[in-house]
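The values are calculated or read from the model by the stated rules, or taken from the named source; none is laboratory data. The structure presented is a predicted model; accordingly, all values stated were derived computationally and were not measured. Cβ: placed from backbone, ideal geometry, glycine included. Neighbour counts: every protein chain shown.
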Amino acid sequence: MTSEKSEENLLFYFQDKSLLSCQFQLSNKTSYQLTPFDKADMYCLKNNCLTTAINGENQLNLHNIESCVCHEPIQLENECEQLCMNDSGDYIFALVKPRILLMYRVKDRRLLGRLFVYDFVTTMVASNDFIILGMNDRRLLTLMIADPDDPTLQSKIQALPSRYK
């Protein structure tokens, strides 16, 4: 069972790999709406955006839980090993075999980055500006999320500690 702090949704993941969303309306009368999703090998929920990975088909599916919209799937080149989204739900990170980190923008499903990772990744966590990879050799790899369409990108790069003189 998964939920977000500020949302009125619960996401249930069952042993048969099926997903079910339960949206609560806590206004005057308490009511709820159940929404089933396709089976998934893994999933990530951020800011009403649900991303699911289906490894048999090597694809990512994007769902807007609030509006019940399913976007066209993203076709991956190989099986997805890990899945992560940044806090705002604007970017998806998929680690595919053999150790390739892919970054997609949710609003247009555009591939923004592709990086070969030097070792096996044990965990991935993303904030709004950075993704941190826990590596098999016990190191942390921190990468800045850089969207070429972000007008504040240059100021973010200049503010990095490695840029101080």
Exercise for review: Would you mind stating whether Asn47 is of a type outside the set (Phe, Trp, Tyr), surrounded by 14 or more Cβ atoms within 10 Å (Cβ to Cβ), within 23 Å of Lys107 (Cβ to Cβ) and at pLDDT 85 or above?
Suggested key: yes
Point to revise | When residues of region 60-78 are limited to those that are surrounded by fewer than 16 Cβ atoms within 10 Å (Cβ to Cβ) and not in a loop (DSSP other than H, G, I, E, B), the one nearest to the chain's Cα centre (by Cα) | key: Asn64
**Study point:** Selection count where residues are within 18 Å of Asn47 (Cβ to Cβ) and within 12 Å of the chain's Cα centre (by Cα), scope region 86-108
**Key:** 13
**Study point:** Hey, Leu83 farther than 23 Å from Asp108 by Cβ, under 18 Å from the mean Cα position of the chain (by Cα) and of a type outside the set (Asp, Glu) or not
**Key:** no
Practice item. Hey, could you check region 79-112 for residues that are small (Gly, Ala, Ser) and either in a loop (DSSP other than H, G, I, E, B) or in contact with a His (Cβ under 7 Å, 6 or more places away or on another chain) (or both) and say which is surrounded by the fewest Cβ atoms within 10 Å (Cβ to Cβ)? Key: Ser88
Check your understanding: Which pairs do you get when a residue that is farther than 16 Å from Leu95 by Cβ, found in region 36-62, comes within reach of a residue that is among the small types (Gly, Ala, Ser) and buried (at least 18 other Cβ atoms within 10 Å of the Cβ), reach meaning Cβ atoms under 6 angstrom, with the pair 6+ apart or on two chains?
Key -> Lys46/Gly89; Asn47/Gly89; Cys49/Gly89
